[in-house]
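Visitor: Take this structure first; my questions come after.
All of the numbers you see were taken from the coordinates with simple rules; none came from a lab. Just so we're clear, the structure is a prediction, and the values are computed from it rather than from any experiment. Ideal geometry is used to build each Cβ from the backbone, glycine not excepted, and the neighbour counts take in all protein chains shown.
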Amino acid sequence: MLPPVASPPFSAQEPVTDVLHEVPVTDPYRWLEDQDSPRTRDWIDSQVRFARAYLDKLPGRGVIRKRVQELIDVETYDSLLIAGERYFFRKRLVKQEQACIYMRDVNSLEDQLLVDPRARGDGKHTAVRPVQVSLDGQLLLYEVKEGGQKAGTFELLEIQTKTPLTDSLPCGYLRGFAFAPDSKSFYYVHEALHDTRPSHRAVYRHVLGMPLTEDQEIFLAPNYAKVRLGLTSDRERMAFFVHRFLETTLTDIFLHSFASSTSPQPLLKDVDFLFGLRLVDGKIFAVTDRAAANRRIVEILIRKNAVLEWRDVVPETDAPIHNWLAVRNRIFVSYLKTGAYEIHMFDFRGNPLGKLPPAREAETLRMIGASPHGDHLFIESESFVQPVTMFRQSTRDHKRTLWAKKAVPFASESYACNQEWFASRDGTQVPIYLVGRPDVLSGSNSPTIMTSYGGYGIPMTPQFSILVAYLMERGCLFALPNIRGGSEFGLTWHDAAKRRNRQNAYDDFLQAGQWLLDTGRTAQGRLAVFGGSNSGLLVGVAITQRPDLFRCALCLAPILDMLRYHLFDSAYVWKDELGTSEDKDDFAALVKYSPYHHVRHGTAYPAILIVSGDADQTCNPLHARKMTARLQAANCSNRPILLDYSPHRGHSPVLPLSERIDALTDRLAFLCDQLGLPL
C-alpha cells in the first residue's frame, strides 16, 4: 500500500450563508459552482494533478489494465430497434473505440453497417445511437453525442442508399418524435441546448427537405416556468403529454390524429399518478398505479360525449408490474416476484395465455423490444456472473433462440450466489445478495465490495459488472442489499424511502454493512462501497453518517448538496422523489442527511475517489467539486480524498474504449490498494 498522501491542493473557503425556513445554512465553497470561471478551472487542474500523482503510482497498474482490457474489449450489442423484418442496433467490434449502427434482416446472419462515427472525423469521443425507424423501414433517426454530454444532435439516414439527409435537429434534448405514416414528414418535441425560449414547449411538424425555420407548430403547451412536453404514437394517432412540475407533478394528455387538421383533443387532465400510455392500432392502453399499488394495465375507451371508461386488461396482483409490451394481439407483462422475474401473456381482452420460461435463480430477464405487428420479442438475460445475452422469443411457438452474446472471458462457473436477510434499524427485514467464490461465501473476514441504489422505484436485480467481476477474481465478496426505495416488493417498498422517508434507505444500507461485520463475513478495514448517480448520493450519505464503517469508497457522478441540487440543469424534475429545500417539511428531511452539509472537521474519513466531469448535465459536477473541497479540508486521516475529473465525462456511458479502460484501471487500482488485494 502506498504511504500517506501529500496534502491536497488548497481550496479557498468563502462562506455564503442562506437562511432557509429560519435556519442559517453556510456553504463554504459556493464559488466552485461556477464551472467556467478561471479560478474553478485552475482548481480543477490542481485536483487532477493531485489525483494523478497518486493513481499513477499505484502498484500493479499494468497487470490490472491488461485484465480490464480482456474483460471489456469484447464484441457488444445494444440499443435494439425492430421495424418489420429488420433489426437496427449498435455493435462495437473488438478494438473499436466506439460502437457503430448496423442493420440485420430477420432471416440473415449478416450485419450491414449503416453509421460509423469514425467517418465523421470528429475524434474518438463521438458516439451514435439509433433512436427510431420510420413505419416503412426506409428512414432511420439516430443521435450523435460528443463525450458524455446528455444533449445530442439528431440526424436522418435514408437506409436503402445509406445517405444522410439534410434534415436534422440541433444539439439539445429530444422529448418526443414520430414519423408520419407516409414518411414524408415527422413530428417532434425538441429543447435546444441553449434555448432562447426555455418555457416555450411545442410539437412541430417538419416536412423533409424543408428548412427547420418553416416547421409548423401544431400544439403549444401552457407557458409554465417548469414544464416538459412529450409525445408517443402509433400508425394513426399521436398522444401529447404536458408535464407540469408544480407543488406536485401534474400531467395533461391530448390525442391528435395524423390525418386531422383540427386541434388536439384533451384526453386526461391533472393526472397525478403513474399513467404509462401506449397507442396500439387504434386502442389506448396504459399501465397505471391508480387504485393499484402494484400497477395494472387498462384500456381507455372513449364513449359518447368524450366520457372515458377504464377497463382492466391486466388486473393488479401481489407482485409489481416491471415492464410490458404489446405484440400483435398479445400483451406480455414482466413481473418482479420477490426478486425473480416472470413474463406472463394476455390477449387484448385480458385473458391469460400462460407464461414464458421463468428466470433462473439470481437471473434478470428484460423485455427490450418487439415489433407491434411481428411474431417475436427480444429478451435480455444476465446475472451477477453471466454477461448480457440477447434472445429472440417467438410469440407463436414460444421458442427462444440466441441472437447475440457478450463473450466476456470470465469463469462464471467458479462463482456462486446466496441470498440472506438482515434486520434494518427499524426492524424491517431486508434481503441481501452475496456473490463470490464458494470458499469466499463459506469463509470469513473477506475483503468486500458493496453497492445498492434505493430510489425512484428502481429494483436492484442481478447484473454483471466488470468492476465487481475483477474484484471477485481477487477474492472479494460482493454484497448487494435490496434496500428500500426500489420496487422489489412493490410500491410500498418504494414509498418507504421516498422523499421525506429517504433515511430508511440509508439506514438499510448502513445496517447491511454493519451486518457484514457482525456476522464475520468481512472485517474492519476490509469493506468498500461504490455507486453512481442516485447511488452516488447513497455513497455520500454512507461515508458521512458512518465514516468508521468503510475502508474506501467510489462515488461516481453524484448529487451531494441536497439543499441546492434542484437549482441546476433539470434536476427540479426529481422533486416528487427527493423533495426540495423550498418546502419546509422537505427541508427538514434533506438537511438531516445532505452529505455536503454533514462533512465534519477533524473526522477520519475513508479513502474516497470521487468521479465527475464537465459534460454531466444530469448530476451537475458542482456536487463533486464542492464535496471534494469540503472533505479534503475536514479529513484528519492519512487516506486520500481524490477527484477524478474529465472535460468529456458526463452521465451518458459513451466514452471511447481506451478511456473506459483507463478509468476502470484507476478505480480498480485504487480499490485493490486500499483493500490490500493480491494483484
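Visitor: Roughly how many whole Å is it from the C-alpha centroid of the stretch 496-514 to that of the stretch 117-173?
Guide: 41 Å
Visitor: Determine, for each peptide in 11-23, 178-190, 522-534, 100-112, the mean count of other beta carbons within 10 angstrom over its residues, then list the peptides with the highest first.
Guide: 522-534, 178-190, 100-112, 11-23
Visitor: Here's another thing I want to ask about it. Relative contact order of the stretch 519-653, please, whole-number percent, based on alpha carbon pairs below 8 angstrom and at least 6 residues apart.
Guide: RCO, the stretch 519-653: 25 percent.
Visitor: Return P(r) of the stretch 1-68 (all Cα-Cα pairs; 5 Å bins starting at 0; whole %; ordered from short to long distances).
Guide: 3, 13, 15, 15, 13, 12, 11, 8, 5, 3, 1, 0
Visitor: Whole number please: convex hull volume per residue, Cα atoms of the chain, in Å³.
Guide: 161 Å³
Visitor: Let's test the formula: R0 of 30 Å, r as the Cβ-Cβ distance of Ser658 and Asp42. What FRET efficiency results, to the nearest 0.05?
Guide: E between Ser658 and Asp42, to the nearest 0.05, is 0.65.
Visitor: Restricting to Cα pairs below 8 Å that are 6+ residues apart, what does the relative contact order work out to for the stretch 258-319? Please round to a whole percent.
Guide: Across the stretch 258-319, relative contact order equals 21 percent.
Visitor: Also, quick follow-up: Using 1/(1 + (r/R0)^6) with R0 = 25 angstrom and r between the beta carbons of Ala12 and Ser168, what's the FRET efficiency to the nearest 0.05?
Guide: 0.05
Visitor: Going by amide H atoms built from the backbone, whose H comes under 5 Å of the H on His648, apart from near neighbours?
Guide: Sorted by chain and number, the residues that satisfy this are Asp614.
Visitor: Of all alpha-carbon pairs in the stretch 165-220, indicate the percentage at a distance above 19 angstrom.
Guide: On the way: 342 of 1540 pairs.
Summing the P(r) of the stretch 165-220 above 19 Å gives 22 percent of all pairs.
Visitor: Just tell me which lysines come within less than 26 Å, Cα to Cα, of Lys584; anything on the same chain fewer than 8 places away is out.
Guide: Lys226, Lys498, Lys575, Lys592, Lys626
Visitor: Cα centroids of the stretch 59-95 and the stretch 346-415: how far apart, whole angstrom?
Guide: Measuring centre to centre over Cα atoms gives 19 Å.
Visitor: Per-residue counts of other Cβ atoms within 10 Å, averaged by peptide: what ranking do you get for 157-169, 276-288, 122-134, highest first?
Guide: So the peptides 157-169, 276-288, 122-134, ranked by packing, come out 122-134, 276-288, 157-169.
Visitor: Ordered by residue, what ³J(HN,Hα) values in Hz, to whole numbers, does the stretch 368-383 give under the Karplus form 6.51 cos²θ - 1.76 cosθ + 1.60, where θ = phi - 60° and Gly and Pro are x?
Guide: For the stretch 368-383, the Karplus-derived couplings read 10, x, 6, 8, x, 10, x, 10, 7, 10, 10, 10, 9, 10, 7, 9 Hz, x marking Gly and Pro.
Visitor: Beyond 23 Å, what percent of the Cα pairs of the stretch 321-407 remain?
Guide: Result: 18 percent of Cα pairs exceed 23 Å.
Visitor: Now, a different point. If one puts a single equal scatterer on every Cα of the stretch 52-130 and applies the Debye formula without solvent, what log₁₀ I(q)/I(0) results at q = 0.15, 0.17 Å⁻¹?
Guide: -0.66, -0.77
Visitor: Let me ask something else. Assuming 1.567 mPa s and 4 °C, estimate D for the stretch 264-361 with Stokes-Einstein, Rh taken as the Kirkwood radius over Cα pairs, in µm²/s.
Guide: Working: Rh = 14.3 Å.
Answer from the Stokes-Einstein relation: 91 µm²/s.
Visitor: I've got another one for you. Which log10 I(q)/I(0) values, to two decimals, does the stretch 31-71 give at q = 0.29, 0.35 Å⁻¹ under the Debye formula with one point per Cα?
Guide: Treating every Cα as an identical point scatterer, log10 I(q)/I(0) equals -0.91, -1.04.
Visitor: Same structure again: Could you grab the relative contact order for the chain? Cα pairs under 8 Å, six or more apart, rounded to a whole percent.
Guide: Numbers: 1574 pairs, mean separation 78.2, N = 679.
Worked out over the chain, it gives 12 percent.
Visitor: If amide hydrogens are placed 1.01 Å from N in the peptide plane, which non-local residues have theirs closer than 5 Å to the one on Gly532?
Guide: Under 5 Å from the amide H of Gly532: Leu556.
Visitor: Place a +1 charge on the Cβ of each Lys and Arg in the chain and a -1 charge on the Cβ of each Asp and Glu, then give the dipole magnitude about the Cα centre in debye, rounded to the nearest 20.
Guide: Value, rounded to 20: 820 debye.
Visitor: With +1 on each Lys and Arg Cβ and -1 on each Asp and Glu Cβ, how big is the dipole of the stretch 411-489 about its Cα centre, in debye rounded to the nearest 20?
Guide: 160 debye
Visitor: Which of the peptides 145-152, 86-93, 306-313 is most tightly packed, and how do the rest follow, judged by the mean count of other Cβ atoms within 10 Å per residue? Please list the in-between numbers first.
Guide: Working: 145-152: 21.5, 86-93: 19.9, 306-313: 12.0.
Answer by packing, highest mean first, reads 145-152, 86-93, 306-313.
Visitor: Also: As a check on your grasp of the helix formula, calculate [θ] at 222 nm for the chain: sum -39500 (n - 2.57) over DSSP H runs of n ≥ 4, divide by the residue count, round to the nearest 500.
Guide: My calculation for the chain gives -5500 deg cm²/dmol from helical runs alone.
Visitor: Amide H neighbours of Phe219 under 5 Å, at least 5 residues apart or on other chains, H built in the peptide plane: list them.
Guide: Val203
Visitor: Rounded to two decimals, what is the ratio between the C-alpha radius of gyration of the stretch 281-439 and 2.2 N^0.38 Å? Please report the intermediate quantities before stating the final value.
Guide: On the way: Rg = 18.9 Å, N = 159, 2.2 N^0.38 = 15.1 Å.
The value comes to 1.25.
Visitor: In whole Hz and in residue order, list the ³J(HN,Hα) couplings for the stretch 275-283 that follow from phi through the Karplus curve 6.51 cos²θ - 1.76 cosθ + 1.60, θ = phi - 60°; x for Gly and Pro.
Guide: Residue by residue, the stretch 275-283 yields 8, x, 7, 9, 8, 9, 6, x, 9 Hz.
Visitor: Given the C-alpha centroids of the stretch 556-595 and the stretch 178-208, what is the distance between them in whole angstrom?
Guide: 31 Å
Visitor: Can you tell me how the stretch 542-594 classifies by the Cα gyration tensor, rounded, prolate or oblate, using a/c under 1.5 as the rounded cut?
Guide: Since a/c reaches 1.5 but b/c is at least a/b, the shape of the stretch 542-594 is classed as oblate.
Visitor: When the distances between all Cα atoms of the stretch 593-668 are binned every 5 Å from zero, what whole-number percent does each bin get?
Guide: Pairs per bin, as whole percents: 3, 15, 23, 22, 17, 12, 7, 2, 0.
Visitor: A further question on this structure: Can you pull the three principal axis extents for the Cα set of the stretch 22-160, in Å, largest first?
Guide: Largest to smallest, the principal-axis extents are 62, 49, 34 Å.
Visitor: Take the alpha carbon gyration tensor of the stretch 465-511, find the square roots of its eigenvalues, order them as a ≥ b ≥ c, and report rounded if a/c is under 1.5; if not, report prolate when a/b exceeds b/c, else oblate.
Guide: prolate
Visitor: At a Förster distance of 56 Å, what's the computed FRET efficiency of Ser260 paired with Lys337, Cβ-Cβ distance as r, to 0.05?
Guide: Calculated value: 0.85.
Visitor: Residues of the stretch 391-430 with backbone nitrogen within less than 11 Å of a virtual label 7 Å along the Cα-to-Cβ line of Val106, please, listed as ranges.
Guide: It comes to 395, nothing else.
Visitor: Also, I was wondering about something else. Multiply the residue gap between Leu208 and His194 by 0.36 nm, knock off their C-alpha separation, and tell me the result in nm, one decimal place. The partial results should precede the final answer.
Guide: Details: separation 14, 0.36 × 14 = 5.04 nm, distance 2.44 nm.
Difference between extended and current length: 2.6 nm.
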